[in-house]
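One structure below.
The values are calculated or read from the model by the stated rules, or taken from the named source; none is laboratory data. Keep in mind it's a predicted model, so treat the numbers as computed, not measured. Neighbour counts run over all protein chains shown; Cβ positions are idealised from the backbone, glycine included.
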Amino acid sequence: MDLSVLRTAGHEEAAAFFADADPEALVAAVSATGDDELLALIGRDEIRPAAIEGILGRLHEYAVPDRLALLHGTVRIDLERRGRLLERHGLRFAGGEIELLPYLSGQEPVDVVLRTSILRFVRLVSGERNAGLEYLSGKLDIEGDAVLALAVGGMFRVPGTTGVAVDPTALDPIEVATVLKDAPRDHLKRVMASGFRPIVLGEVFRRLPDFVDPVRAADVELAVGFRLLGNPTGEVERYLVRVSGGVATVTTGDQGEQRDATVTCESHDFVRLATGHMNPVAGVIKGQLKVKGDKAKALQLTSVIDIPHSRD
């Protein structure tokens, strides 16, 4: 499929193009087109409304049916350029069906509002971007039900297959470290106060044992607890990391186990620590990490873990 026909197309021609395009061929063509060229093709005022309406109107063709069936709620999509609203659309999900709500004033009650750029929206729909990582980075703004928003981002299939293109809840620690490199601390704080919080914490602690250096940890015996604050419910989440015989294990909750030290911090600061964006010593000095018990043991834990580093 050749997207270059959109270069000189008008609104009606663009509408016909997106209405008739084979969905698999369209996704493949979008994926093969660079950002600058894609934005030049679909970003024009004559093309943009037809492109977005055409994509949204056929969204069910890009979706994994089982995942689509689980979605219930109303989503508003605000597409912006440099902070200026260009397009506003709504989608209502119910019983495996998608109802397009093209004309919204912005005052209607919805379950969640998604704000992003035209280019990023197209990349998300084509399964090229992870909505979870985009949210963490601040490139996708979510207001309201973050779980619903990310479920929408995780319903798109790989062209020509029934498999999911990207699972927003599957967070690779190195990719998380990379997207957090330039993410403002206040933004991460907002993310960790949303429904995405348990997903982020669950993935970080689930993957933590994978990053323990078995050589440096061979003779280490320690147990360090973490008390994470900032949950909107007021709940304090508790985790225990134990290193023994070169292997790390993580348990949740507080069963009264013996521990060498307990670290208390805000959850967004823990995520920064776990992805190499906070120096543990500096965190203690600044009061962002409060350590009760053996501080040397708490620091020893960080020394036996190869903290994920961002890709340059």
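Things worth noting here:
- Of the residues in segment 226-237, none is under 28 Å from the mean Cα position of the chain (by Cα) and farther than 18 Å from Lys189 by Cα.
- Residues in segment 118-153 that are of a type in the set (S, T, N, Q) and in contact with a strand residue (DSSP E or B) (Cβ under 6 Å, 6 or more places away or on another chain): there are none.
- Taking each residue of segment 285-300 that is assigned by TED's automatic domain parsing to the domain that holds Gly246 and looking for partners that are of a type in the set (Ser, Thr, Tyr) and surrounded by fewer than 15 Cβ atoms within 10 Å (Cβ to Cβ) with beta-carbon atoms closer than 9 Å, six or more apart or interchain, yields nothing.
- Answer residue from segment 1-20, given it is hydrophobic (A, V, I, L, M, F, W, C) and without any contact (Cβ under 8 Å) to a residue 24 or more places away in the chain and is nearest to Ile55 (Cα to Cα) among those: Ala16
- Entirely in segment 48-158, the helices (runs of 4 or more DSSP H) that have 3 or more residues that are surrounded by 18 or more Cβ atoms within 10 Å (Cβ to Cβ): 48-57, 118-125, 131-137, 146-153
- Among the residues of segment 69-100, those identified as more than 20 Å from Phe156 (Cβ to Cβ) and among the aliphatic types (A, V, I, L, M) are Leu85, Leu86.
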